[in-house]
1. Which value, in Å², gives the accessible area per residue of region 22-94 when a 1.4 Å probe is used on the protein heavy atoms?
2. Given the options 123, 82, 199, which has the most mean-square fluctuation in a GNM of the chain, springs set between C-alpha atoms less than 10 angstrom apart?
3. If you count only protein heavy atoms with a 1.4 Å probe, what accessible area per residue comes out for region 109-210, rounded to a whole Å²?
4. Summarise the accessible area of region 121-210 (1.4 Å probe, protein heavy atoms) by the percent that is carbon and sulfur.
5. Roughly how many nanometres apart are two label points built 7 Å out from the Cα toward the Cβ at residue 50 and residue 101?
6. What distance in nm separates the two pseudo spin-label positions at residue 3 and residue 122, each 7 Å out from Cα along the beta-carbon direction?
7. Quick check: with the 1.4 Å probe, what order do 42, 141 take by accessible area, largest first?
8. Using protein chains only and a probe of 1.4 angstrom, how many square angstrom of residue 41 are accessible, to the nearest 10?
Amino acid sequence: LETFRLSNPQLTAQGQGAFVEGAIDAVAQLAVPDLAVLRPEWSGSLQAEAEVTEEDGRRVIDLTGEGTNLNFGQAGVGEALTGRTLLRVLAEEQDGRVTLQDVRVSGERVQAVAEGTLGEGVTDLRADLSLDTLAPFGPGWRGALQAQATFREAEDGQRRLELTGTGRDLSFGQAQVDGALAGETQIQLTGTEAGGVFTIETARVQNPRL
């Protein structure tokens, strides 16, 4: 196709390229004023441009975008993505395995970078997360957090989560605890996931006041 364009009040899309099965080579631009048209619990707007190529069963997507007031129906996420959020995704898919080469989310309150592999029996993800404030995630929550996490395949169909992080002036709305979390707090968390159920194995919190 030299060019195509689709426009209505819900979305605008245009693109050009080859859309041949097994040999896709195309560029597309998309603008969605209200993400609720995709899922009722979603909200916010999104503009994105994506380049998709495919060769020998390997599909690559290179996407950049900008969202405003994004909310995907999960508690705390919408508030954390208030304002302008920049998105970047470079990934490839082959034989049901997705390799995230570069995934970045940069907003006014949250910055995240992720890479790794996602798929049945091969999951191996790494991520860095920086939250300027925890206020969106619960009443009385505040403070900043920087963390690194891994999520990998383990035995018996389980996946293992390991997280280490540093918080500053943390508060979780619990008067008997919050005073002890002033200043710098070190956090370590390990757990497993199976069938969508997370089990926390160990959780350690270290602060000079504790």
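1. For region 22-94, the solvent-accessible area averages 54 Å² per residue.
2. 199
3. Values: 6100 Å² over 102 residues.
It amounts to 60 Å² per residue over region 109-210.
4. Of the solvent-accessible surface of region 121-210, carbon and sulfur hold 53 percent.
5. A separation of 1.6 nm, rounded to one decimal place.
6. 3.9 nm
7. Working: 42 65, 141 90 Å².
Output order, biggest surface exposure first: 141, 42.
8. Result for residue 41: roughly 90 Å² accessible.
The values are calculated or read from the model by the stated rules, or taken from the named source; none is laboratory data. Keep in mind it's a predicted model, so treat the numbers as computed, not measured. When we count neighbours, we look across all protein chains shown, and the Cβ atoms used for this are built from the backbone with ideal geometry, even at glycine. These accessible areas exclude ligands, DNA and RNA; they are computed on the full protein's heavy atoms, side chains included. Shrake-Rupley method; radii C 1.70, N 1.55, O 1.52, S 1.80 Å.
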